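The values are calculated or read from the model by the stated rules, or taken from the named source; none is laboratory data. Everything numeric in this text was worked out from a predicted model, so none of it was measured. Every residue, glycine as well, gets a Cβ built from its backbone with ideal geometry; the counts of neighbours run over all protein chains shown.
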Amino acid sequence: MTTWPARAAVAAVWLYEGLWCKILGGDADQQAIVAAVPQLPPALAASAVTAIGVAEVAVAAWVLTGRFPRAAAVTQTVLLVAFNAGGLVFAGDRISDAGRMLTANAVLLALVWLLARDVPASRAHG
């Protein structure tokens, strides 16, 4: 399988969510969702959103490299489950269509795991 287009598509999602939505502030709801996390001081919400955005941009870069695809798939799965669960638990009222969000993320993870699966064993870990 030619994986470059699939890797580019997955990376584009992480780049959009990280750079545009969080770092550049293209989605104001992102800060409101993070600010709803208990025990997070309100003054740190903006910094937390930026830090999450930086991590998402790093994931995009990692995906583009094609290195350690199974570890990347595990990392992306953990991040998406944590982000989705946190958003739904702490700020479910701020998420306009939770079903659409979960469906889109399930599709993304299916592609992520197809990329991880379609790697020769010699490249799976490096």
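Observations on the structure shown:
- When the range 25-39 is filtered for residues that are surrounded by 14 or more Cβ atoms within 10 Å (Cβ to Cβ) and not small (Gly, Ala, Ser), the ones remaining, listed by number, are Asp27, Gln30, Gln31, Ile33, Val34, Val37.
- Any chance Gly26 is within 19 Å of Met101 (Cα to Cα) and free of Cβ contacts under 8 Å to residues at least 12 places away in the same chain: yes
- Qualifying position, being of a type outside the set (A, V, I, L, M, F, W, C), surrounded by fewer than 12 Cβ atoms within 10 Å (Cβ to Cβ) and within 15 Å of the chain's Cα centre (by Cα), among Thr50, Thr75, Thr103, Thr2: Thr103
- Restricting attention to the range 24-49, the residues that are over 16 Å from Leu79 (Cβ atoms) and part of a helix (DSSP H, G or I) add up to 11.
- All of Phe68, Phe90 fail the test of being on the phi > 0 side of the Ramachandran plot and surrounded by 13 or more Cβ atoms within 10 Å (Cβ to Cβ), apart from Phe68.
- All conditions but one from (1) among the charged types (D, E, K, R); (2) surrounded by fewer than 14 Cβ atoms within 10 Å (Cβ to Cβ); (3) in contact with a helix residue (DSSP H, G or I) (Cβ under 7 Å, 6 or more places away or on another chain) apply to Lys22; the one that does not is (2).
- Candidate set from the range 59-93 (those that are free of Cβ contacts under 8 Å to residues at least 12 places away in the same chain and small (Gly, Ala, Ser)); member that is nearest to Ala8 (Cα to Cα): Ala82
- Matching option when the condition is of a type in the set (Gly, Ala, Ser), out of contact with any Pro (no Cβ under 7 Å at 6 or more places or on another chain) and modelled with pLDDT under 95, among Ala58, Ala43, Ala12, Ala35: Ala43
- Residues being among the hydroxyl-bearing types (Ser, Thr, Tyr) and within 30 Å of Ala6 (Cα to Cα) - total across the range 24-60: 1
- Any hit, the range 85-97, residues being under 20 Å from Trp4 (Cβ atoms) and modelled with pLDDT of 95 or more: no
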